[in-house]
Each structure stands twice: as C-alpha cells, then as structure tokens.
1. Quick one: plug the Kirkwood hydrodynamic radius of the chain (C-alpha pairs) into Stokes-Einstein at 10 °C, 1.306 mPa s, and report D in µm²/s.
2. Just to confirm my numbers, what's the Cα centroid distance between the range 507-554 and the range 217-294 in Å?
3. So, in Å, what gap is there between the alpha-carbon centers of the range 743-774 and the range 128-156?
4. In debye, nearest 20, what is the charge dipole magnitude of the range 164-225 about its Cα centre with +1 on Lys and Arg Cβ and -1 on Asp and Glu Cβ, if you could check?
5. Hand me the trypsin sites (Lys or Arg not before Pro) from the range 529-617 located in a DSSP loop with no more than 10 other Cβ atoms within 10 Å, in residue order please.
6. Fully extended, how many nm does the chain gain between Ile520 and Tyr541 (0.36 nm per residue separation, minus their Cα-Cα distance)?
7. Of Arg825, Arg315, Arg324, which has the most accessible area and how do the rest follow, probe 1.4 Å?
8. Please enumerate, by chain and number, the lysines with C-alpha under 21 Å from the C-alpha of Lys762, excluding those fewer than 8 residues away in the same chain.
Amino acid sequence: MKSIQYVLTSVFILVFCLISASVNAQNSLSGQVTDLMTGENLPGVLIYFPQLKLSATSDSTGNYTITNLPKGTYAVEAMVLSYTTQEKQVSIDGETKLDVSMMSSSCTCCEVVITALGNITSTLRSPVPVTLVSHDDMLQNTSSTVIDAISLQPGVNMTTEGVMTTKPQINGMGFDRVLVLTDGLRQEDFQWGDDHGILIDPYSVHDAEIIRGPATLQYGASAEAGVINFKTEPFAENGTIKGSVLTEYQTNNGLIGNSFAVGGNNNGFVWNLRGSSEESHDYWNPKDGYVWGTAFQQQDVRLTLGLNESWGYSRLSFNALHRRIQVPDGNRDSTTGRFMFDFPQNGQLFPTRYNFLSYDPTIASDKILNEYQVWWQNGINLGKGTLGFDIGFTRSEHHDIDTGLVGQGNMAVNDIPYSLKYQIAGQQSSLKFTAGLNGTYEFQNNYPEAPAPYYSDYEIPNYTDFQIGGFGILQKDFKNLTISGGLRYDYSNFTGQGMSLLYSGTSSQEIVPAGTTGSIVQFSPFNNTYTGPSGSIGASYQLPGNNYVKLNVSKSYRAPAIDELTSNGENIGVNAFQAGNLNLKAEQGYQVDLAYGINGKDVSFEVDGFYYYINNYIFAKRVAAKNGGDSVMPSPTGTIPFYQFKADTATIAGFAGYFNIHPSKTPWLEIDNGFTYTYTYLPGKNDSARHLPWTPAPRLTTEIKIKLKDKPGSILKGTYIKFGQAKYWAQNNVYSALGSELPSVGYSLYNIGVGTNFVNPKTGRVVCSFFVNCNNLLNIGYADHLNLAQYFEAYNGRSILVTNPSQGIYNMGRNIGFKLVLPFR
C-alpha cells in the first residue's frame, strides 16, 4: 500500500504542477449556427466536444466561441431541440472556424458521436450496434440504479435480487462478460457477484453508451458481450459556474434521493463536484406485501479537476461511495407465511410495520459496500496525433453482516487499471488509427476471521491478477462506406494463495498453517496463465433513402473469472454452494452481427441480428454434491443447492432493435418501440440441459409521447405526457436440470409520466424541471425471469428448494416517482 500511496501522491503533485505552470491556450473554435432552410440565426444551440466534455451555446445571433482547446482533430456535435443533431470532424489549430446549418426534425433519435469504441465514430458509421441513452432519458424516468435506468434499451436486460442488486445483461450474457465503465474507468467492484449491484451513483450519470456486441478488441477479456460506458456531466462553458440541486421521492419504498452538483471553467481549468444520497425502506408488492430485507442507504461524493491547454488535456477524478443494503432471504413462518427474522430481535419474531418502514438497513442480513476511485486521464499532442495515458486506483470493500450464524464474507479488491494508446485521425484522408495497450493489476485480500459467534465465509482466496493486452484498430471513412477492423492479444496471470481451516464445534473456525492436524484445505495455491487473440472486421454502408446496413465479424476471448476458478463455499447472494474449477480454459468466441436500419424524417428503424458460437462457455451447473449424494449441501440454515463451474460449447442467437415513429407533420407526437429476443442452445444436451441458464424472456416495449407546443411568453417549456407498456412473454427455454431454473410466465407492465420545465419568460432560462412517473400502473404482481429472489424461500429459518416461482419473492408493485431539478448558473 505504501508504494501505491507514493505513486498517487506523485500523480497529484505532477497534475498541480501542470496547473500552476499552464499558459493561455491559443486554440479556439467559433462560428455561426443557422437554419438550413430559412437561413435564420439559431440561438441556444449546444456545440459540444464529447472527447473533451467542453461546450458552448450559440447566442441570440447564432454565434458561439469555445476557447482553450487542445490542438488536434476532434468530433463535434451541434444539438438543439426540434433539429437533427449534426456531427462534424474538425481539426483545431489556432483560431478555427466552423459554421453549422441545422435541419428541423421532430426525431429524438439521430446520429451522435460515440466515444466508447476504439476510434471516435458515430452511431450510423459504427459497424457494431450502439445505443446512446441521453441525459433526458436518464432524467425523465424513475429508477433506483443506473442499470435499472437502461434496462429497457434494446438488447439489454438486468438480473436482480432486490432494489440495489442489479447487474446488466447484453444479448443474454452478463456479469464478467459485460464491462461497465465510468468515464472510461473499469468498474471492477466484484463484477462476478450476484448479491449487489454496480457501485455507481445514479445521479452522477449524465448519459450512457451501450455497445451491443463483442468489444474485447478495445477492452480485453471482460467485454465479450459488450460495454456500457456511463459518462458524468460535461464541464461548464468558459467563464461560468453552473450546477443543480435535485431531489426525488418514490412512493413504493419511500425512496428519498438528493444530489447537489456544481462545476466551473476558468480559462481551461475545469472542475466538477457532486454529492448525493439515497435511502429507502422495504419495497411492497401485491403478492408478498412489504418484502423484508430490501431497505438500503447510499452516499457518494465525486470530484473532477481538469486542465485544457494547447498541448492537450489532463483530468483527475476522485470518487467515494458508501452503500449499505439488506439482502432478502425469503424466511417466513411455515403456518402464516409471514416474513420472519432469521433470529429473534429483542424477543420479537416477526417484522412489524415499523420495521418494514424503517430506513435503517442494519436489522436484517445486510452488506456494507465501499468503493473508492482515483482516475487520471491524459491526452497529449504528439506529432499529428494524440498520446493518451490513463492510470487509476480503485478499492472495493465488501462486508457481509448477519444477525445469525450465516457466515460473514469480508474482502477487499484493489485494482490499478492503466491504458496507453496513440490515436491519429486525418480530416482529409478520413483515416483513423488507434494502437496501444491496456489492462489492470488486481489484488484481493480476505479480512481476518469474524469474531464469535460468527464465522467467516471464505468464498475466494487471496489472489493477484495481472492483465495486459496490446491492440491496433484501423478505420477508413468513405462517402457512404466505413470499414473498421483490428487485432488484439491478451495475457492474464492469476496467482492464488492457499488457505486451511480448523473447525471447533459447529460455529467456530480459524485459519491455520497448511498441514495442521485436523484442518481442511479451503483453497489450494495455484498459478494459472491464459492468453488469447481477439479481432474484428466490419463495415457500415449508407444506402439511398436514409437506409443503412452494418456487418461485423469478430473473434473474442475471455479468461475465467476468479469465482469460476476458486469458489468454495456458500454464496449467500444466490443461496447456493458454489465450487470453482482450476482446470477451466479460456472462452473462445466467434460472432456475427448484421443490422439494417432507416434514419428517416418520419421513421427511425433498426434491427440487429446476432449469432455467437463460444467454445468453453463457463457457467455454474447444478451437480451431485462432493460426498456423492444429492445435489444439495448442508448449511447453517438448512440445505442449499450445490453448483460447480463447468464449460460447454454454447450458441447464442437473437435480434434486438427499435421502430420509432416521429411524423414530421405532427412534431408533437413520438411513438418509440423496442424489441429484444435471445435464444441460447447447448448442442448435444438433453431437454433439461439444452439452454443456458438465465436467458432473458422476449420483450416488446412501446412508449407514446405527446409533446405540448411551447407558447411565446409561457412559463412552461418542453411539456410532455407519455404512456408506456413493457410486454414480457413467457420463458420456457430454461436450464431445468436438477431444478436449476424454472420457466416463467408472461406479463405486461404499464407506465405513465409527465414532465415540464418552468422558465423565466424574460430570459428564457430554466428555473426548475419537474417530472412525475408511475411504474407498474396497474399494480401487477409478477416475478421477472431474471429476478433471482424468486428462488429465495425459507421456513422458520430453514431453507427449502423452490419448485414454483410463486413461492419466492416478487418484484416491486406500483411505484410513483417525483423528481425536481433546480439548475443555477
């Protein structure tokens, strides 16, 4: 730790030396924005550099200026309500001019810049399907987590065990196959775990990019299914300080959320500061009533400091998040079916209404999750390109706390992610090239043995994991054709420490030296190395009539995750005993993506068909127990299923897309439809083991949005009302061997929402924004197929095996959310 502290201290000193030594940049971009048809000047148009997070807004004459820009070639966006977003490539060198002509449109689905791919490109020119979740989408909907906020996007789903335990899926794959980023920083916070969600403050997310397909070429082994890049808010315009106050309340679980943000820009020195908090009591549904063990609390602070000069840019981010969540276990009274405490609390057997409505998540089994991050990003002009160097440090702490004899899992994972790459983009040649290396060094440590009467649940050993990969990506843009491809090679080395345990009685254990008489081996020492290539070649072509096609062929690679290799104990989050397998090989995948779309003035449409063939696909199989008996293991709370990680050849196919109607002659109306279908298959298996577990159910979403016309001099602007439906079909393609997974029934959820901006009629500035949403309007009782809590059931403290989803815990009932945002500048 001392060496890490030394490195970070050196980083801070270097950054502040750069700030103190900075000189005024000579580079700027200015121009005028006009209406393409009328030639009139357009005020209020946002000119935005996605790579630099810098922007300016056109004034009353349509003019804009952005100063203190690094030299180089960048993508620039021009966007304003009721006009199609324009995307341009511009080379910044001195005082650069760029005039923009905007075409009117009622469509909110338009071409935008994507930064999560290796080379900066746009949604239309990307050969793989990419979805942008806009800031308005994030703000105008009601959710508890960032994964919940994007889970209805085409091709995206989420697994959950409660309100704050959401994990993303892309094209039917999740956990270590989906890489989650925050401003490019890998979220390594126990990605393999089922029992808590991604540790990101939802209020800190401005928008999100979703790559629906293999991205191992850019990011390595953890991006086999795709990448979700959450981006924080842009920096303020030069010479300004801006911010906002947000407050939120949700009726179902009483969620109270507050967030304060402020940021500034002073001649190239930029900064953003945000503090947020959330808390809720247990949620309610019409089948279970209040669900005991679903309360949570969360606090987060994020600070970003940055410098933009002619030589490039440098940004330093700090983040500290604390989350305390309850984890439901479904324990009930066998006679009445009421939820019970695992162990009596001051003589009390059952939670009362006071307990259900308490915002204190410490009574039931709960977890303390801490996430600390430091992330230093740099872009330095070098020759005709940019040298990027990023390095960070993250620490994820996981503490299981229980009121009874179930073990405590206490561990900390530390990561040092790094990236070094060189990017060059020729404005005249339309050629883009990126080459570099990236990876992470990870080291995990278990905390000491828990004090009596508890005993620690050591699920994985102390280990180190060094990952590094080198890559090169080339893209060429023609008038209507874009061709992109690249190669990568990865190296990963796991080194794990052995551990032996000596038991005394039924609830006492201690860590002892290997070979101690009477001890058992919890973990054997190991040293595993994995290597593998990745590659892709793809193209997009713009057809006449705003039609386009995309094709991408790729080869992916994924090394086994640490839980797949070494698990040896009760996984409290999934109520199962899981055993790893040190003999697992790396996954080798082959994928094809084919997409067709239309980007018209009245209709936007895209359908993406995908096919994966993966050798050595790793997943947990329910098998006969170690002692040769049934597929269950003894536990302090009864018997639990026994699973071991094994590998098979797997195929995953399906399609995802959208069909949006936005008639140009009726700009007040927008109808958005999204659809997702995934089919999985294990060749050569019998009926009960023919499909991969946790394949999402087919889904169709529809939202009708009516936008009221803004009246001159009115205090209301951007007012809308929307109606939505999410239709889920039954999922019968399940891995039912040994009762591993159960079929699910279909259901439909209906939603409604309204929102508006209150403006100062004299200045036109927004005074506040107000949104109301009602999810599950008809208060349907349902269990989503990926809701793992439906498998949680115990009676009088003894776990039982669920044979029907109606036995377990259902999802949340009707929930009305109120959100108020007050911006200031």
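1. 57 µm²/s
2. So the two Cα centres are separated by 28 Å.
3. Using only Cα atoms, the two centres lie 15 Å from each other.
4. Using Cβ point charges on Lys, Arg, Asp and Glu, the range 164-225 gives about 220 debye.
5. Loop-located and lightly packed - none at all.
6. Contour length minus the Cα-Cα distance gives 1.4 nm.
7. Arg825, Arg324, Arg315
8. Lys242, Lys709, Lys711, Lys717
The values are calculated or read from the model by the stated rules, or taken from the named source; none is laboratory data. Please read all numbers here as calculations on a predicted model, not as lab measurements. Every residue, glycine among them, receives a Cβ derived from its backbone with ideal geometry; neighbour counts consider all protein chains shown. Heads up: the accessible areas ignore ligands, DNA and RNA and are worked out on the full protein's heavy atoms, side chains in. Shrake-Rupley method; radii C 1.70, N 1.55, O 1.52, S 1.80 Å.
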